[in-house]
Every structure is written in structure tokens, then in C-alpha cells.
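This report concerns only the one structure given below.
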Amino acid sequence: MAEDAALKSSLVFLAAAVVLVGISTHSFKKMAVTYLVGVFAIAGILLPDWCFFDRNFSRWISPVTEEERESYRISTASRNPRFRIYPIRLAVYAIVYSVALYKWWKFVST
């Protein structure tokens, strides 16, 4: 249920950003690009299978077994797994989102 609330509030903020871009640039194309970049950014944070990515980096090439998935459910029942910080994940997200934000800003500001 918490994921639904996070998704809904993220989409509301995205809609506000799209409206602001549309008002300031008077360009439907820039509004559409803002919407698409925002949807992909939200999906990149809220939709990944954290059970898969919360394993050791060297295990990412093998599928998640049912035992791993069940132990993950049990271990994360009392806490929210989305807010754990892992250096590799943080570096990848920082690079990808920085490049996307830079390219989006260059497109919208021209």
C-alpha cells in the first residue's frame, strides 16, 4: 500500500512539472519529453525487483531462487527495503539520473 501512495504522489508531482514546463515553454513536445523522462525516472526507483538487486553484486547474473525470495520477504517484513543504501546501486543511479537530468534540461532550456 505504501508503494501505491509513493507512486501516486510521484505522478502528481510529475504532472505539476509537466504543466510548469508547458506554461513556461509553450511547447507540447517539451511537455511530452518531460513526461516520458519523469515516468522512466519514477519507474526506475519504484518498480525494480529489489529482491533481485539486494543480493551480492556477483550474484546478479543468476536467477533468484524461491528460498532467497522467501528469506528476503521474511527479513524485510519489519523495515522498508527501498531505502537501504548500497554503493554500486547509488553510483549507477547517480550517473544515470545525472545524465538524464542534464540532457532533459538542455532540451527544455533551448
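The values are calculated or read from the model by the stated rules, or taken from the named source; none is laboratory data. Predicted model only: the values in this text are computed from it and were never measured. We place every Cβ from the backbone using ideal geometry, glycine too, and count neighbours over all the protein chains shown. Side chains are part of the model used for accessible areas, which takes the heavy atoms of the whole protein and leaves out ligands, DNA and RNA. Shrake-Rupley method; radii C 1.70, N 1.55, O 1.52, S 1.80 Å.
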Testing the spin-label approximation: label points 7 Å from Cα along Cα→Cβ at VAL12 and HIS26. State their distance in nm. 3.1 nm
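How would TRP105, TRP60 line up by accessible area, probe 1.4 Å, largest first? Walk me through the intermediate numbers first.
Details: TRP105 145, TRP60 70 Å².
So, going from the largest accessible area down, we get TRP105, TRP60.
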Hey, which lysines would be in cross-link range of LYS30, C-alpha to C-alpha under 19 Å, not counting anything within fewer than 8 residues on its own chain? LYS103, LYS106
Note the full-extension length gain between LYS106 and ILE45 as 0.36 nm times their separation in residues minus their Cα-Cα distance, in nm to one decimal. 19.7 nm
